[in-house]
Every structure is written in structure tokens, then in C-alpha cells.
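S.K.: My structure is below; once you've seen it, I'll send some questions.
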Amino acid sequence: METASFFRNRYWILRHGKSIPNEKGLIVSSLENGIRSEYQLAPDGINQAHSAGQLFLKELKEKNIPLENVRICYSPFARTSHTAKVVASVLDIPFDGPQFKVMEDIRERYFGPLFELMSHDKYSEIWALDEKDPCMQPEGGESAKDVGNRLAKSIAIMESDFQGCAILIVSHGDPLQILQATLNAAKQQIGSPNDDLASRIQAVNVPSVLSQHRKFALLTGEIRAVI
């Protein structure tokens, strides 16, 4: 697919590799807990991140995109920063250099205190709520719409800061599902060719789109080209 005129960059998304919370079956969604090193990647997740980096490199070469045009934006959680570091090693790009950007707005969805550090089995309760009303917040947590709002802000920053780049967004399951749902709708939106990507995403951050986000689920360590 050719990049439409209102997209300044190409975008890929990568869900973090299998993490220690994934192995333990724990929900770790608060920023306070998420940045703790004990919740970084499990050994299998390191392998997944390495494979994702190799696949990304292969696609860059196929599209004749030079490495200097790559930008990697990642969530501050331990599992996502660890994933981004592994990808950096595959691409041979300095992780602490200007091509990497940590962005708090692409962090994990906070599911609230009733779910934090509880079993993964409880995710189904959240997703059932999202299907019914994606504007409804789980107690003390974020709704799908809340996450969509901050993702729209993060895309606006990327579109402002970068032009003609290949951007890899390293984030989490729910945020990346929500982002894909809104991107898919934004690409289909009929409007002025001068509309910017962030504006289009904000325009489709609506219940009918957000309630379908589970259709865009990613496996751990899965990478996808989205624009």
C-alpha cells in the first residue's frame, strides 16, 4: 500500500516480546509497576524481539529504506524498553541515540486497581465492557477511548517531529489494538487530502470503531506494517 498524502511517515507496530508478567499470568498495567526491571522480558521474549528486529530489517531492505531514516518510539515500561533495546542491537542503532524516543502516551492501558497484579483471566471482563461501551472506564482505570485519545496525541507528536521516516512503535496489546482500529478507520475516512493523520485518528475515536479493537489482536513479539 502506498503511503497516503496525509501520512508524513511509514509506520510499523511491535507488541513487546513475552514478558515475565506474561509468564506469570499477571496483569501489570500501572506505570509504577510497569517500569520495574523484574517485569522485563522473559528469555522467550528476548528471542521474539530479536526475530521481530530481523523481520523489520528485512522489510526495510526490501523497501530500500536506509537505517538513518528509522525512528523507534517505545513505551517506558520495562518490557517495551527491553524489546526496543533488542531491536536496536539487531539494527545496530544506538539505543541511547537520537533515533530512539521514549513516549509515555504509548504506555500500557491502565486497567485499574481491581485488576492490577491480578490474573490475566480477568482481561475478558475488560474486553466485554469495551464491546458494550468503549467509553466506560473500569473502576479507577482507562477506557478504550481514553487510550485512543492519548494515542492520537502521540501520533500527532510523531507526525510533527518526523518526516519521511520509518517509525516503529513498540507498545502493548490493548494500545496497539486500539491504534490499529482507529488507523484502519482513518485510512477509509473520506475527507480533505490535507487532513493530517492525527486529526483523522481523533475523528474516528468513536464507540463504533473502538468496540471492535479486539479484531486487531497481536501476539507477543508480533510486528506489523500499518501504514
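The values are calculated or read from the model by the stated rules, or taken from the named source; none is laboratory data. Bear in mind the structure is a predicted one, so any value in this text is a computation, not a measurement. All Cβ positions, glycine included, derive from the backbone under ideal geometry; neighbour counts span all protein chains shown. Quick note on the areas: whole protein, heavy atoms, side chains included, nothing else; ligands and nucleic acids left out. Shrake-Rupley method; radii C 1.70, N 1.55, O 1.52, S 1.80 Å.
S.K.: Within the set of pairs 6 or more residues apart or between chains, which connect a residue that is over 26 Å from H16 (Cβ atoms) inside the stretch 203-218 to a residue that is part of a loop (DSSP other than H, G, I, E, B) and open to solvent by less than 30 Å² (accessible area, probe 1.4 Å) with Cβ atoms less than 7 Å apart?
M.R.: P207/P134
S.K.: If we scan the stretch 12-32, do we find a residue that is within 18 Å of I227 (Cα to Cα) and either modelled with pLDDT under 95 or surrounded by fewer than 22 Cβ atoms within 10 Å (Cβ to Cβ) (or both)?
M.R.: Yes, there is a match, as at least one residue in the stretch 12-32 is within 18 Å of I227 (Cα to Cα) and either modelled with pLDDT under 95 or surrounded by fewer than 22 Cβ atoms within 10 Å (Cβ to Cβ) (or both).
S.K.: What's the number of the condition M158 fails, among (1) assigned to a helix (DSSP H, G or I); (2) over 27 Å from L67 (Cβ atoms)?
M.R.: (2)
S.K.: In addition: Look through the stretch 40-67, keep the residues that are free of Cβ contacts under 8 Å to residues at least 12 places away in the same chain and in a helix (DSSP H, G or I), and return whichever of them is most open to solvent (accessible area, probe 1.4 Å).
M.R.: Going through the qualifying residues, I end up with K61.
S.K.: Give the stretch 178-195 a look and list any residue that's out of contact with any strand residue (DSSP E or B) (no Cβ under 8 Å at 6 or more places or on another chain), of a type outside the set (A, V, I, L, M) and either outside any loop (DSSP other than H, G, I, E, B) or modelled with pLDDT of 75 or more (or both), or say none.
M.R.: T182, N184, K187, Q188
S.K.: In the stretch 90-105, which residue that is closer than 18 Å to I157 by Cβ and not aromatic (F, W, Y) is farthest from the chain's Cα centre (by Cα)?
M.R.: P98
S.K.: Checking the condition crowded, with 19+ Cβ neighbours inside 10 Å, hydrophobic (A, V, I, L, M, F, W, C), over 13 Å from the mean Cα position of the chain (by Cα) and at negative phi, which residue from I126, I167 passes?
M.R.: It is I126.
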